[in-house]
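Chemist: Shown below is the structure under consideration.
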Amino acid sequence: MNKPTLIATEQSWMEGEAIRQLENAANLPGMKRAAGLPDLHPGKGIPVGSAFLSEGVVYPHLVGNDIGCGMGLWMTNRTAHSFKLDKSVKKLNGFEEPWDGDSAGELQAAGLPSDLWPYALGTIGSGNHFAEFQAVQEVFNPELFAGNGMDKKQLYLLVHSGSRGLGESILRRHVDKYKGGNLAEGAADFDSYIQRHNQAVIWGVLNRQIIARRFLDALGLNGTRRLDVCHNSVTPHQNGWLHRKGAAPADQGLVMIPGSRGSLSYLVRPILGKADIALYSLAHGAGRKWKRSDAKARLSQRFKVADLTRTDLGGRVICEDKALIYEEAPQSYKDIGQVMSDLESFGLVEIIASFRPVITYKTRRR
């Protein structure tokens with residue numbers, strides 16, 4: 001029996017169902033190793049915050065339906081001090097509607113078919129996806145921070161989104177034929193899945209770029225991308241296939257690890273010396289503490305919707321979906337400070353800086 005590695009200290013709370021899901025996936029045919037990160041929590045049969053290394057086969061359901069989902073960070077040309085919070089909240093509208101730009105041209109320029117899911121391009125999506133303006137809270141490594149082209153005075157934009165319905169269609173095609181089964185190297189469907197998967201990853205990167213452009217344009221800002229990291233994918237690794245489900249790569253440069261909309265986010269430098277114990281993967285966020293179905297029941301007796309549109313850190317939350325604003329409340333998430341402490345305890349990261357949320361945009365759609 002394969003025993004997965006759990007990257008968590010005794011101070012971290014892990015739901016039993018998440019560990020059961022991790023152990024089950026670790027023992028699928030062809031699986032060599034598995035790791036659970038500090039943000040591990042139950043998913044739809046597969047835990048989020050996990051990484052799996054297989055040999056000779058890939059498991060599309062371990063990647064999930066949001067192939068290419070990730071985080072992109074842009075530094076804007078506006079200082080955080082000069083940012084007009086209330087005026088900006090009023091200006092941020094209409095992002096649920098299709099982007100009115102040249103989708104076909106952008107897709108072609110990215111090396112993708114011009115008709116590949118064009119109408120969703122530039123939209124955030126639902127669930128835990130967001131666009132968030134942030135200010136630097138504290139810089140712990142000024143030399144590394146500045147060396148990566150960042151200025152602590154500036155306002156930043158963090159975008160979390162993926163491949164939207166494109167990824168869902170790719171997984172659905174596989175599940176309809178194979179359910180939770182694997183695809184063996186050399187099979188026709190294997191090559192087809194990898195090709196479509198890779199297109200969805202590129203689509204996700206492009207989607208985050210266009211989302212950022214829409215948000216910056218709405219406020220008359222310019223921005224420079226400082227990183228883009230995918231946390232739902234399957235890639236070649238050590239003569240096998242590394243599946244990441246809600247796990248940021250530790251071998252592709254700096255990583256942004258967000259908390260909830262009411263807590264800090266952290267910019268980190270992965271430390272490669274010990275990265276193999278976690279399959280070269282890191283937490284991709286704080287990780288859920290409560291199920292979505294439980295969040296509203298737990299919080300609606302204590303908080304009105306209006307109470308959740310402002311955070312303890314002074315930020316604003318734009319979310320007009322009454323169910324979603326409860327589901328994504330800070331109380332529904334684990335302590336990001338503990339997640340970061342666990343990663344540091346295992347020698348996996350150096351924290352470069354922390355960021356606080358200024359405006360978190362979820363949806364204007366009621």
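The values are calculated or read from the model by the stated rules, or taken from the named source; none is laboratory data. Not measured: the values here are computed from a predicted model. Neighbour counts run over all protein chains shown; Cβ positions are idealised from the backbone, glycine included.
Here's the yes/no breakdown for (1) under 18 Å from the mean Cα position of the chain (by Cα); (2) basic (Lys, Arg):
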{"position": "Asn182", "(1), (2)": "no, no"}
{"position": "Phe190", "(1), (2)": "no, no"}
{"position": "Gln195", "(1), (2)": "no, no"}
{"position": "Asn198", "(1), (2)": "yes, no"}
{"position": "Gly204", "(1), (2)": "yes, no"}
{"position": "Arg214", "(1), (2)": "no, yes"}
{"position": "Gly220", "(1), (2)": "no, no"}
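Chemist: Let me ask another. What strands (runs of 3 or more DSSP E), lying completely within the range 234-320, carry at least 2 residues that are farther than 30 Å from Glu185 by Cβ, within 16 Å of the chain's Cα centre (by Cα) and touching a residue at least 24 places away in the same chain (Cβ under 8 Å)?
Modeler: 255-257, 265-270
Chemist: Six or more apart or on different chains, Cβ atoms under 6 Å: show the pairs whose first residue is in the range 327-344 and part of a loop (DSSP other than H, G, I, E, B) and at pLDDT 95 or above and whose second is buried (at least 23 other Cβ atoms within 10 Å of the Cβ) and not basic (Lys, Arg).
Modeler: Every condition considered, the pairs that remain are Lys334/Ala286; Lys334/Gly287.
Chemist: Then there's this: Could you list all residues from the range 47-95 that are within 16 Å of the chain's Cα centre (by Cα) and either basic (Lys, Arg) or farther than 30 Å from Lys152 by Cβ (or both)?
Modeler: Within the range 47-95, Pro47, Val48, Ser50, Ala51, Leu62, Val63, Gly64, Asn65, Asp66, Ile67, Gly68 meet the criteria.
Chemist: Scan the range 111-125 for residues that are surrounded by 15 or more Cβ atoms within 10 Å (Cβ to Cβ) and in contact (Cβ under 8 Å) with a residue 24 or more places away in the chain and jot them down. Talk me through it step by step, then tell me what you get.
Modeler: Of the range 111-125, the ones surrounded by 15 or more Cβ atoms within 10 Å (Cβ to Cβ) are 112, 116-118, 120-125.
Once the filter is applied, which keeps residues that are surrounded by 15 or more Cβ atoms within 10 Å (Cβ to Cβ) and in contact (Cβ under 8 Å) with a residue 24 or more places away in the chain, the range 111-125 yields Leu112, Leu116, Trp117, Ala120, Leu121, Gly122, Thr123, Ile124, Gly125.
Chemist: Next question, about the same structure. Could you list all residues from the range 119-172 that are among the hydroxyl-bearing types (Ser, Thr, Tyr) and either out of contact with any Phe, Trp or Tyr (no Cβ under 9 Å at 6 or more places or on another chain) or under 15 Å from Arg226 (Cβ atoms) (or both)?
Modeler: Ser126, Tyr156
Chemist: Take the residues in the range 35-45 that are at pLDDT 95 or above and touching a His at 6+ places or on another chain (Cβ under 9 Å), then tell me which one is farthest from Glu185 (Cα to Cα).
Modeler: Checked the range 35-45; the qualifying residue farthest from Glu185 (Cα to Cα) is Asp39.
Chemist: Oh, and also: Looking only at the range 50-61, decide whether some residue is over 23 Å from Val255 (Cα atoms), surrounded by fewer than 22 Cβ atoms within 10 Å (Cβ to Cβ) and of a type in the set (A, V, I, L, M, F, W, C).
Modeler: yes
Chemist: What number of residues in the range 152-188 are more than 30 Å from Arg213 (Cα to Cα), among the basic types (Lys, Arg) and not in a helix (DSSP H, G or I)?
Modeler: Total satisfying the criteria: 1.
Chemist: Name every residue in the range 155-182 that is surrounded by 19 or more Cβ atoms within 10 Å (Cβ to Cβ) and either modelled with pLDDT under 95 or over 22 Å from Ile202 (Cα atoms) (or both), in order of residue number. Reasoning before the result, please.
Modeler: Residues of the range 155-182 that are surrounded by 19 or more Cβ atoms within 10 Å (Cβ to Cβ), as a first pass: 155-164, 166-167, 170-171, 174, 182.
Across the range 155-182, the qualifying residues are Leu155, Tyr156, Asn182.
Chemist: Give all pairs with beta carbons closer than 7 Å in which a residue from the range 197-212 that is farther than 19 Å from Leu242 by Cα meets a residue that is assigned to a helix (DSSP H, G or I) and not hydroxyl-bearing (Ser, Thr, Tyr); count only pairs at least 6 apart in sequence or on separate chains.
Modeler: Listed pairs, sorted by first residue: Trp203/Leu166; Leu206/Glu106; Asn207/Arg164; Ile210/Glu106.
Chemist: Which residues, taken from the range 19-42, are free of Cβ contacts under 8 Å to residues at least 60 places away in the same chain, closer than 24 Å to Gly337 by Cβ and buried (at least 22 other Cβ atoms within 10 Å of the Cβ)?
Modeler: Once the filter is applied, which keeps residues that are free of Cβ contacts under 8 Å to residues at least 60 places away in the same chain, closer than 24 Å to Gly337 by Cβ and buried (at least 22 other Cβ atoms within 10 Å of the Cβ), the range 19-42 yields Leu22, Gly36.
Chemist: Can I ask one more? Taking the range 186-201 as the region of interest, how many residues are exposed (fewer than 15 other Cβ atoms within 10 Å of the Cβ) and not hydroxyl-bearing (Ser, Thr, Tyr)?
Modeler: Counting residues in the range 186-201 that are exposed (fewer than 15 other Cβ atoms within 10 Å of the Cβ) and not hydroxyl-bearing (Ser, Thr, Tyr) gives 6.
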